[in-house]
Amino acid sequence: NSDGQFVSRLDVARAVIDWADTDAQMFSPEGGSAAEDYHYDAQKDRYLAHDNRLDSLEEIKQIRGVSDEFLEAFGPYLTVYPNSDPTRNCRVNLGTISNRLGGDCAPLVMGVLRAAAMIDPTKSAAADPTILDDVKLYPLATILCDRASSGGFDSIDTIMKVIAKPESAVMSDDPRYRVLQGMKPLTVDRGALDAIAYVGPPRTYRIVATGTSGKVKKKITAIIDTRRSLENPMTLNVQSEQAAGVLQYWREE
């Protein structure tokens, strides 16, 4: 990364978990035991792991191994605010994936499909080994992103249909058509995909507004929750205020 560090996916996942958990033991999916040692306090601007829930999405930049590329790929789909529906907490809303605002949602889709295909999360073993091959998985992920960007997904069933026959989602002159036509369909269990993902409308929005007056420039970042109950209405038109979303957080810079 930009700091000259070589980190694997497991290294980053472990560092994210250790940043938020309350103990001093390094997370190990294999059940090993070692102390957390990420050298946060050895940097020029020293700090310690939070050892609690994240306060903001920007905080994730402090975690070892989290690069600008990581944030570009996953940042638009992350939030630190829990869902009031417990069945949707810690699940990816595939109904919000899109390339329309720039970036590439393929890495996120690849991660979701791999997580669903893993027999044992503590081991690099999948029901279908093809799921671990970037050359074969990436074209499928880009097709899912293209479909999401153009028309979106209305259900997990739609996603499963594309996975079962991805070549049907592209034109015959698309270079990916030949690759996918000669490839055996990936094996992804519907129940396993349901356990880590769902399709639904967006709930939490980040709004960034900037304004300039003379030499003064200001930026306001706000987080809006469109389904949170309004506790302290500021107007007589409560329904209208509720429909606009409840302000979770704002910051002026």
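Taken together, the values in this text are just the output of simple stated rules run on the coordinates, not laboratory data. Since this is a predicted model, take the numbers as computed values, not measurements. Here the Cβ positions follow ideal geometry from the backbone for every residue, glycine too, while neighbour counts run over all protein chains shown.
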Just for the chain, what percent of DSSP beta bridges are antiparallel, to the closest 5? 90 percent
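With n ≥ 4 as the cut-off for DSSP H runs, can you work out [θ] at 222 nm for the chain, using -39500 (n - 2.57) per run divided by the number of residues, rounded to the nearest 500?
Numbers: 8 runs with 77 residues, N = 253.
Result for the chain, helices only: -9000 deg cm²/dmol.
Calculate the dipole size of the chain relative to its Cα centre from +1 charges on Lys and Arg beta carbons and -1 charges on Asp and Glu beta carbons; express the result in debye to the nearest 20. Kindly include the intermediate steps, with their values, before the conclusion.
Working: 29 positive and 36 negative charges, 163 e Å.
Here the chain has a charge dipole of around 780 debye.
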Taking Cα pairs closer than 8 Å and at least 6 residues apart, the relative contact order of the chain in percent is 14 percent
So what's the gap between the Cα centers of segment 194-247 and segment 36-51, to the nearest angstrom? 33 Å
Residues of type lysines that Lys161 reaches as a straight line, Cα spacing below 19 Å, ignoring anything fewer than 8 places off in the same chain: Lys136, Lys184
From the square roots a ≥ b ≥ c of the eigenvalues of the alpha-carbon gyration tensor of the chain, which class results: rounded (a/c under 1.5), prolate (a/b over b/c), or oblate? oblate
